[in-house]
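Participant: Mind looking over this structure? Questions follow.
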Amino acid sequence: MDSLIFELNKRKIAYEDINEKFKFLFCITEISSFEVRHQSAVLQKYYSKDFPVSFSNECIHFQSYILTLPKDNAPKTILGMLQKIIESDLQDVFPSCISIALKMFLYVVQLQTA
């Protein structure tokens, strides 16, 4: 029983850590551009090998795009954001950084639930 509790706590801490790093993506339309820039810079520093310094600019650009969508057509989840990029054929507009960040989050969450 103790090992089960230990493993559950370990998983809970891992989820909290990932959610903290990627949290700005969950509410990208509700926070200021300044906050998006700040939070994306924190994520970029943590994953500096995966994201260039320009990651913050791409996040601001993505925020602006999402805000232009009608409310009923705006994605509400991380998976929805990734699907919107693919469905709208925006891989050239958001070539790597945003797509990679969304995929990283989804991959890590999938690993944690496996």
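The values are calculated or read from the model by the stated rules, or taken from the named source; none is laboratory data. This one's a predicted model, so the numbers in the text were calculated from it and none came from an experiment. Using ideal geometry, Cβ is built from the backbone for each residue, glycine included, and neighbour counts are taken over all protein chains shown. In case anyone asks, the SASA skips ligands and DNA or RNA and just uses the protein heavy atoms, side chains included. Shrake-Rupley method; radii C 1.70, N 1.55, O 1.52, S 1.80 Å.
Participant: Are there chymotrypsin sites (Phe, Trp or Tyr not before Pro) in the range 20-96 that DSSP puts in a loop and that have at most 15 other Cβ atoms within 10 Å, and which ones?
Facilitator: Here the sparse-neighbourhood loop sites are TYR47.
Participant: So, one more: Students sometimes get this wrong: rank LEU106, LEU67 by accessible area, probe 1.4 Å, all chains present, largest first.
Facilitator: LEU67, LEU106
Participant: List the trypsin sites (Lys or Arg not before Pro) within the range 50-114 that DSSP assigns to loop and that have no more than 16 neighbouring Cβ atoms inside 10 Å.
Facilitator: In loop regions of the range 50-114 (DSSP not H, G, I, E or B), the sparsely surrounded trypsin sites (Lys or Arg not before Pro) are LYS76.
Participant: Total Lys pairs in the chain closer than 18 Å by alpha-carbon, pairs eight or more apart in sequence or interchain only?
Facilitator: Close lysine pairs under the 18 Å cut-off: 15.
Participant: Name the residue from ASN73, LEU25, ALA41 whose Cα lies farthest towards the positive end of the charge dipole of the chain, charges +1 on Cβ of Lys and Arg and -1 on Cβ of Asp and Glu.
Facilitator: ALA41
Participant: Could you report the chain's accessible area per residue, 1.4 Å probe, as an integer in Å²?
Facilitator: 64
Participant: Roughly speaking, to the nearest percent, how much of the chain's 1.4 Å accessible area is carbon and sulfur?
Facilitator: About 59 percent, which is the carbon plus sulfur part of the accessible surface.
Participant: Based on alpha-carbon centroids, what's the gap between the range 10-30 and the range 34-82 in Å, whole number please?
Facilitator: 13
Participant: Remind me, relative contact order of the chain in percent, using alpha carbon pairs under 8 angstrom and six or more residues apart?
Facilitator: Relative contact order, the chain: 26 percent.
Participant: With a bin width of 10 angstrom, please list the P(r) values of the chain as percents of all Cα-Cα pairs, from the 0 bin to the one holding the largest distance.
Facilitator: P(r) over the chain, rounded to whole percents: 13, 44, 29, 10, 3, 0.
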